[in-house]
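Below is one structure, written out as C-alpha cells; the observations come after it.
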Amino acid sequence: MNKFLSVGITGTGSCLPEKKLTNFDLEKMVDTTDEWIRTRTGISERRIADNKTATSDLATEAAKIAIDDAGLLLEDIDLIIVATATPDMAFPSTACIVQKNIGAKNAVAFDIEAACSGFLYALAIGEQFIKTGVYRNVLIIGAETLSKITNWKDRRTCVLFGDGAGAAVLQQVEGGLGILSSSLGSDGFRGDYLTQPAGGSRMPASIKTILNDLHYIHMDGREVFKFAVRAMSKSALEIIKDVGYNIEDVDYMIPHQANIRIIEAVAKKINLTMDKVYVNLNDYGNMSVASIPVALDEAVKKGSVKAGDIIILVAFGGGLTWGSSVIKWCK
Ligand code: UT7
C-alpha cells in the first residue's frame, strides 16, 4: 500500500489584464503581418499589463479566485509557491507579496523559477509537502508579465508573448484520484537558447546593458522549437507509461501554449487527436508559466475537464526545463 497521501487540485483561478494587443496593432509597431503571426504561431491577440500592474497583482487576483473555488479561507493556506520569471523585484519574493495582498497570515511563501515549466515544478513541489503530511493546503501560482522584458522592436520575439496568471489549490484527496504522477527535467547545458542576460549578478544593470538591449528576452526560436517538440512528446509518453496507461486513456492534454505548430507536432508524435488538446493561445499568446494554469482553469470552468477525466499537463521552457503531470480530475 502507498504510504503517501493522494494529492489533487481542488480549486483553480486565473486573471488576465484587460488590454488586448492584436496582430494588427503589432503590424504598426514592427515589420510583421497578421498572416505571418497566425500561420507561424497560431496567435491572434494577447493581453498586456498596464504600467501600474506587476506580476503580483495578477497573481493575487488569480489566487483569491482559486482559494474561493476550493472553499477555503485565506488563513487556511499553509504554503504559497509562485513560479515566475518576471518577479516584481528580486526580493521580497512575489510569493511574499501575494501573501501580504491576500492576508494569508499562516502561510510560508517562496518563489521558484523554471521559466515556462514553472507551474509543473510548483505542482510537484506542493504535492511533496502534502503527500508527506507537512502541509494541508497549498496554493501554487504561475504568473508572468513578459511584456515588461520584451523588446518591442524585435519582431522575432515581441509577437509571441502575453501576460497573465493562473492559480491552483492543492489538498489531500481520496486515494486513486488527483496527481497520479509528475515528472520534471532540466538541461542546463543548452540554457543559452533562451535568456534574459542582464539584471542579475552576472551582468548588473548599467547604462551599457540598457543600451545593448540586454534586459530583454533573447531567444534562438528554431532551436527552442525543436527542443520543445522533442521534450514534451518524450515526457508525455513516459509519464503515461509510468502510470500504466495508454494514450487512448487520456481524456485531455493541456500543453504549454507556446506555438500551435509545436502543440500539433507533439499531439501527432504521441498519437493524440487535436480534439483532446486544449488550445487557447489564439487569444492569449504565450503567457509562459501562466499558460497551463490559465488553460486548466478555463477548461475546468467550461466543463471540458470533468470529474474522473484523465488529464495530462505538459510544458517546456527556458533553463532548459520541461515537465509533465498526469491527473485524475477529482472535482
Ligand atoms: O515558451 C518558450 C518560448 N519560446 C518559444 O516557444 C519559441 C519556439 N519557436 C517558435 O515558436 C518559432 O521558431 C518562431 C515563431 C519564433 C519563429 O518561427 P519559424 O517558423 O521558426 O521562423 P524562423 O525563425 O525560421 O524565421 C523565418 C523567417 C525569417 O526570415 P528569413 O530569414 O527567412 O528571410 C525571419 O526573419 O520569418 C522572419 N520572421 C518574421 N517575419 C514576419 C521572424 N519573425 C517574424 C515576424 N514577422 N514576427
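Values quoted throughout were computed directly from the atomic coordinates according to the rules given, and no laboratory measurement underlies them. The structure displayed is predicted, hence computed values, not measured ones. Because the Cβ atoms are built from the backbone with ideal geometry, glycine has one as well, and the counts that use them run over all protein chains shown.
With a sphere of radius 12 Å drawn around the Cβ of Ala265, what net charge do the other residues whose Cβ falls strictly inside it have (Lys, Arg +1; Asp, Glu -1)?
Net charge around Ala265: +4.
Charge dipole of the chain (Cα centre as origin; +1 on each Lys and Arg Cβ, -1 on each Asp and Glu Cβ, all else neutral): 460 debye, rounded to the nearest 20. Relative to the 2.2 N^0.38 Å rule of thumb, segment 152-200 has a C-alpha radius of gyration ratio of 1.88. Under the rule a/c < 1.5 gives rounded, and otherwise a/b versus b/c splits prolate from oblate, where does the chain land using the Cα gyration tensor? Oblate, since a/c reaches 1.5 and b/c is not below a/b.
Can you divide the C-alpha Rg of segment 75-159 by 2.2 N^0.38 Å and report the result to two decimal places?
1.23
Taking every DSSP helix (H) stretch of at least 4 residues in the chain, weighting each as -39,500 (n - 2.57) and dividing the sum by the residue count yields a mean residue ellipticity at 222 nm of -9500 deg cm²/dmol. Listed by chain and number, the aspartates and glutamates whose C-alpha is less than 20 Å from the C-alpha of Lys131, apart from same-chain residues fewer than 8 away, are Asp76, Asp78, Glu174, Asp242. Close amide-amide hydrogen proximity is noted between Ile112 and Val82, Ala83, Thr84, each under 5 Å apart and 5 or more residues distant or on a separate chain (H modeled in the peptide plane; Pro and chain starts excluded). Sorting Lys3, Lys302 from the fewest to the most surrounding beta carbons within 10 angstrom yields Lys3, Lys302. Semi-axis lengths, largest first, of the ellipsoid equivalent to segment 111-249 are 34, 20, 13 Å, with √(5λ) applied to each eigenvalue of the Cα gyration tensor. Straight-line cross-link partners of Lys302 among the lysines, defined as a Cα under 24 Å from its Cα and at least 8 positions apart when in the same chain: Lys19, Lys20, Lys64, Lys276, Lys328, Lys331. Between amide H atoms placed 1.01 Å from N, distances below 5 Å from Met253 occur with Val277, Tyr278, Ile312, all of them 5 or more places distant or on a separate chain.
More than 27 Å apart: what percent of Cα pairs in segment 1-153 qualify?
That fraction is 32 percent.
Of the DSSP H helices in the chain, none is both long (alpha-carbon extent of 24 Å or more along the helix axis) and hydrophobic (Kyte-Doolittle mean at least 1.0).
Using a 10 angstrom Cβ neighbour count of at most 11 plus a DSSP loop assignment to flag exposed GluC sites (Glu not before Pro), which longest range of the chain is free of such sites? It runs 175-331. Local charge for Ala66 was computed over the other residues whose Cβ lies under 15 Å away, with Lys and Arg +1 and Asp and Glu -1, and equals -4. Taking Lys and Arg as +1 and Asp and Glu as -1, the other residues whose beta-carbon sits under 12 Å from that of Phe24 total -2.
Got a sec? Which residues in segment 132-163 would a label at His215 touch, if it sits 7 Å along Cα→Cβ and we count backbone N under 17 Å? Residues 145-154 qualify, since their backbone N sits under 17 Å from the label point.
Here the dipole of segment 168-283 is about 500 debye; that uses its Cα centre as origin and unit charges on the Cβ of Lys and Arg (positive) and Asp and Glu (negative). Can you give the FRET efficiency for Lys208 and Asn280, using 1/(1 + (r/R0)^6), R0 = 45 Å, r = Cβ-Cβ distance, to the nearest 0.05? The computed FRET efficiency comes out at 0.70.
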